[in-house]
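Trainee: Before anything else, here's the structure in question.
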Amino acid sequence: MALFVFVCSAAMILVGALGVVTRSNPVHAALSLVLTLFGVAVTFVALQAHFLAAVQVIVYAGAIVVLFLFVIMLLGVDRAENLRIEPLRVQRPLAFVVSTGVAAVVIAAIVRARDSLADPSRGLAPTGADAHDANVREIAREIFSSNTFAFELTSVLLLVAVVGTVLLARRQRSPGAGHPVRP
Amino acid sequence: MTGQLAVDPMLEGGIGWAVVLVVVVKVLLVFVVGLVATMLMVWFERKVIAGMQNRVGPNKAGPFGLLQTLADGIKLFFKEDLLPERADKFVFRLAPYLALVPAFLAFAIIPLGGDFRGDKAGIVTLLGQQTRLQLADPPVGVLFALAISSIAVYGIMLAGWSSGSKYPLLGSVRASAQMVSYEAALGLSLGCVLLVSGTLSTAGIVDLQTSIGNWNIVTTGFVPFVIFLIAATAELNRPPFDLVEAEQELVGGFNTEYASIRFALFFLAEFMNTITMSALIVTLFFGGPQPIGIGDTTIDLPIPNAIEGTVWLLIKVIAFLYVYVWFRATLPRLRYDQLMDLGWKVLIPGSLAWFMLLAAQRVGREAGWDQVVVTLATALVLLGGYGLLSRANRVSRENRERDGAQF
């Protein structure tokens, strides 16, 4: 049963990932990304990380990819791109180098953690996973007691990103184009 | 894998034929009830609006026009199915199902009845199996509904985009902005309920609301309910938030190019969502299938307790369906900038502030602080925040006016 779920979700993830890379229409690529995200959510459920699965769907599939699609539709770039044209010369070799590096890191991590991964008793399941809200309790305890500093730093990072975006979007206009706007 | 999929007592231990049968019956029941309820809801809405506007409404097909929706459905089935030439064929065909499936899925986690008196926690006996009268009780509970409602936007969005013409595209751009904006307020006011109940499970939330004094609308202090109701109306794209299909501006909105059975699927999804959302509001704030009671005295209907829960749920849900129809009949549609102002400047800060107030009170109760002092101090901090926010709004509005914007 566990193997069946894994094979299905892995197939979803791989098909989606291939779709993101190969589809020439940006909207189709974004939809493939949704498929991948759902596959990851299914994997989370199989690993008993129910809360992560729900958050994955709510945040990534429900908000982030919707915003991708929103921008694609608003800017009207929703037509098929010619993949042969290359605006930046270096980006393809660079992408090759980076993806090889990422693959190497992932494989190295799996090889190193082989022993603990093979032992099912040391899986991701929180203690007392059968209890109804075990997931939420465990995650809350981790975030708000052990890793509070990192959590707060992340929130500051997000805030800086928001402020930066607003500042970039409402830059002072040139004097020729209407009245100047206070930033 | 025990206990992983549900806390439903039936699914723990071995799974025999009776368990499978109960689950299949539940699935069928939820599906059929959903379809029939949608049919009746369309009739109800047309009849009530007709009454409010001094008209008769549908009265030809069946007694009181009850079968009008069925007649319309059959008519839609046999109409010609059009596929616009400039449409994205695959996505155009996919979109109605993306709208329909979430509408039915969300219904799965609503407790549809059961006996919540005493310590029974809504558990009834079916075919010798102890079970709950709800299709699924996932460990993430209410978050499942939130996840589903965040997926529902895809159907509308992709329908508009894939039609390949401008009015549907405008409708779908509006839809995505509106639904993403209001989901934040929806989630934050849901957070208030979760904070008070201390559990994610819908059955657990219902179980705690034994009398009117324990209803979450009272324990969370009314404000989260109002915000949830407004945000839910916006999520449903129902009037006064139906900019997605504003027929005066956008012909028909996102579904302009749809005809025949595909249009019927969108129609079905929209009304199904309304019913699901009403049931969710009742579950979260009004005790779901719990009988209405003040203190220790509960109103006891002269029917078996196991069925009584369903009757109570029905009464409460119909009250909310009436409220939605009432909204539609009385409120004018918002302008787009008013919609965004309400969402981002009123509902999201308001729900966040109320959430913080409730959290502070809870911390204070556990630390043994004086509740009045905690509430006053929090309210003071929040008032300061409100002052800063309204000043920022005023400055930005002055800037925009100087810049020559219209509003």
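The values are calculated or read from the model by the stated rules, or taken from the named source; none is laboratory data. The model shown is predicted, which means the values in this text are computed figures rather than measured ones. No Cβ is skipped: glycine too gets one built from the backbone with ideal geometry, and neighbour counts run over all protein chains shown.
Trainee: Do we find a residue being away from every other protein chain (no Cβ under 14 Å) and either over 29 Å from B:Q178 (Cβ atoms) or among the acidic types (D, E) (or both) anywhere in the range A:68-81?
Mentor: Looking only at the range A:68-81, we keep the residues that are away from every other protein chain (no Cβ under 14 Å), and these are A:81.
Filter once more, so that each one left must be either over 29 Å from B:Q178 (Cβ atoms) or among the acidic types (D, E) (or both): A:81.
Yes, there is a match, as at least one residue in the range A:68-81 is away from every other protein chain (no Cβ under 14 Å) and either over 29 Å from B:Q178 (Cβ atoms) or among the acidic types (D, E) (or both).
Trainee: Looking at the range B:159-169, which of its residues are surrounded by fewer than 24 Cβ atoms within 10 Å (Cβ to Cβ), in a helix (DSSP H, G or I) and either aromatic (F, W, Y) or more than 7 Å from chain A (Cβ to nearest Cβ) (or both)?
Mentor: Quick first cut of the range B:159-169, residues surrounded by fewer than 24 Cβ atoms within 10 Å (Cβ to Cβ) only: B:164-167, B:169.
Among the residues that remain, those that are also in a helix (DSSP H, G or I) are: B:166-167, B:169.
Within the range B:159-169, B:K166, B:Y167 meet the criteria.
Trainee: If you don't mind, another one. Criterion first (more than 14 Å from chain B (Cβ to nearest Cβ), over 20 Å from the mean Cα position of the chain (by Cα) and modelled with pLDDT of 85 or more) does A:F149 satisfy it? Walk me through how you get there before you give the answer.
Mentor: Working: more than 14 Å from chain B (Cβ to nearest Cβ): yes; over 20 Å from the mean Cα position of the chain (by Cα): yes; modelled with pLDDT of 85 or more: yes.
Answer is yes for this residue.
Trainee: Is one or more of the residues making up the range B:24-38 without any contact (Cβ under 8 Å) to a residue 60 or more places away in the chain, farther than 20 Å from B:F267 by Cβ and touching a Gly at 6+ places or on another chain (Cβ under 7 Å)?
Mentor: no
Trainee: Kindly evaluate B:A145 against the criterion of being under 26 Å from B:I318 (Cα atoms), assigned to a helix (DSSP H, G or I), of a type in the set (A, V, I, L, M) and modelled with pLDDT of 85 or more. Explain how you work it out, then say what you get.
Mentor: Values: under 26 Å from B:I318 (Cα atoms): yes; assigned to a helix (DSSP H, G or I): yes; of a type in the set (A, V, I, L, M): yes; modelled with pLDDT of 85 or more: yes.
Yes, satisfied.
Trainee: I'd like to check something: does the range B:191-211 contain any residue that is under 20 Å from B:L98 (Cβ atoms), among the hydrophobic types (A, V, I, L, M, F, W, C) and within 11 Å of chain A (Cβ to nearest Cβ)? Spell out the reasoning first.
Mentor: Quick first cut of the range B:191-211, residues under 20 Å from B:L98 (Cβ atoms) only: none.
There is no residue in the range B:191-211 that is under 20 Å from B:L98 (Cβ atoms), among the hydrophobic types (A, V, I, L, M, F, W, C) and within 11 Å of chain A (Cβ to nearest Cβ).
Trainee: Another question, if that's okay. Quick one: what pairs do we get from the range B:225-251, first residue more than 19 Å from B:F271 (Cβ to Cβ), second buried (at least 20 other Cβ atoms within 10 Å of the Cβ) and among the polar types (S, T, N, Q), C-beta under 6 Å, 6+ apart or different chains?
Mentor: What qualifies is B:I227/B:S189; B:I227/B:S351; B:F228/B:S189.
Trainee: Something else about it: Just to check your reading of the model, which residue among B:L347, B:L314 is part of a helix (DSSP H, G or I) and in contact (Cβ under 8 Å) with a residue 60 or more places away in the chain?
Mentor: Details: B:L314 fails: in contact (Cβ under 8 Å) with a residue 60 or more places away in the chain.
Every option except B:L347 fails the conditions.
Trainee: Could you grab the pairs with beta carbons closer than 6 Å, sequence gap of 6+ or different chains, first residue in the range A:1-24 and more than 17 Å from A:A41 (Cα to Cα) and among the β-branched types (V, I, T), second one assigned to a helix (DSSP H, G or I) and at pLDDT 90 or above?
Mentor: Every condition considered, the pairs that remain are A:V20/A:S32; A:V20/A:L33.
Trainee: Now, a different point. Exactly one of these conditions fails for B:V193: (1) of a type in the set (V, I, T); (2) part of a helix (DSSP H, G or I); (3) farther than 15 Å from B:L146 by Cβ. Give me its number.
Mentor: All conditions are met except number (3).
Trainee: Evaluate the range B:191-205: report whether one residue or more is at pLDDT below 85 and surrounded by fewer than 20 Cβ atoms within 10 Å (Cβ to Cβ).
Mentor: Within the range B:191-205, one or more residues are at pLDDT below 85 and surrounded by fewer than 20 Cβ atoms within 10 Å (Cβ to Cβ).
Trainee: So, A:Q56, is that one crowded, with 19+ Cβ neighbours inside 10 Å, of a type outside the set (K, R) and assigned to a loop (DSSP other than H, G, I, E, B) or not? Even if it seems obvious, please write down each step before you answer.
Mentor: Values: crowded, with 19+ Cβ neighbours inside 10 Å: yes; of a type outside the set (K, R): yes; assigned to a loop (DSSP other than H, G, I, E, B): no.
Considered against the rule, which asks whether it is crowded, with 19+ Cβ neighbours inside 10 Å, of a type outside the set (K, R) and assigned to a loop (DSSP other than H, G, I, E, B), A:Q56 comes out as no.
Trainee: Among the residues of the range B:286-311, write down those that are part of a loop (DSSP other than H, G, I, E, B) and under 14 Å from B:S211 (Cα atoms). So that I can check it myself, show each step before the final result.
Mentor: Initial filter on the range B:286-311 (part of a loop (DSSP other than H, G, I, E, B)): B:286-292, B:295-296, B:299-304.
Within the range B:286-311, B:F286, B:G287, B:G288, B:P289, B:Q290, B:P291, B:I292, B:G295, B:D296, B:I299, B:D300 meet the criteria.
Trainee: Given the structure, is A:S24 within 13 Å of chain B (Cβ to nearest Cβ) and outside any helix (DSSP H, G or I)?
Mentor: On the way: within 13 Å of chain B (Cβ to nearest Cβ): yes; outside any helix (DSSP H, G or I): yes.
Yes, satisfied.
Trainee: Counting just the residues of the range B:10-57 that are part of a loop (DSSP other than H, G, I, E, B) and modelled with pLDDT of 85 or more, which one comes out farthest from B:R328 (Cα to Cα)? Show your work before the answer.
Mentor: Looking only at the range B:10-57, we keep the residues that are part of a loop (DSSP other than H, G, I, E, B), and these are B:12-16, B:53-57.
Then keep just the ones that are modelled with pLDDT of 85 or more; that gives B:53-56.
On the way: B:Q53: 12, B:N54: 15, B:R55: 16, B:V56: 17 Å.
For the range B:10-57, the residue satisfying everything is B:V56.
Trainee: Give A:D119, A:D78 a once-over and let me know the one that is surrounded by fewer than 10 Cβ atoms within 10 Å (Cβ to Cβ), charged (D, E, K, R) and either at pLDDT below 70 or within 30 Å of B:S201 (Cα to Cα) (or both).
Mentor: Working: A:D78 fails: surrounded by fewer than 10 Cβ atoms within 10 Å (Cβ to Cβ).
Among A:D119, A:D78, only A:D119 is surrounded by fewer than 10 Cβ atoms within 10 Å (Cβ to Cβ), charged (D, E, K, R) and either at pLDDT below 70 or within 30 Å of B:S201 (Cα to Cα) (or both).
Trainee: From B:V153, B:V173, B:V180, grab the single residue that is of a type in the set (V, I, T), at the interface with another protein chain (Cβ under 8 Å from one of its Cβ atoms) and without any contact (Cβ under 8 Å) to a residue 24 or more places away in the chain. Even if it seems obvious, please write down each step before you answer.
Mentor: Details: B:V153 fails: without any contact (Cβ under 8 Å) to a residue 24 or more places away in the chain; B:V180 fails: without any contact (Cβ under 8 Å) to a residue 24 or more places away in the chain.
Exactly one residue qualifies, and that residue is B:V173.
Residue-by-condition table, conditions (1) farther than 24 Å from B:G141 by Cα; (2) out of contact with any Gly (no Cβ under 9 Å at 6 or more places or on another chain); (3) not hydroxyl-bearing (S, T, Y):
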position	(1), (2), (3)
A:V5	no, yes, yes
A:V21	yes, yes, yes
A:A41	no, yes, yes
A:Q48	no, no, yes
A:A53	no, yes, yes
A:V59	no, yes, yes
A:F70	yes, yes, yes
A:V106	yes, yes, yes
A:A109	yes, yes, yes
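Trainee: Please indicate, with yes or no, whether at least one residue in the range B:234-257 is within 14 Å of another protein chain (Cβ to nearest Cβ), buried (at least 21 other Cβ atoms within 10 Å of the Cβ) and at pLDDT 85 or above.
Mentor: Start the filter on the range B:234-257 by keeping residues that are within 14 Å of another protein chain (Cβ to nearest Cβ), which leaves B:235, B:244, B:254.
Subset that is buried (at least 21 other Cβ atoms within 10 Å of the Cβ): B:235, B:244, B:254.
Checking which are at pLDDT 85 or above leaves us with B:235.
The answer is yes; a qualifying residue exists.
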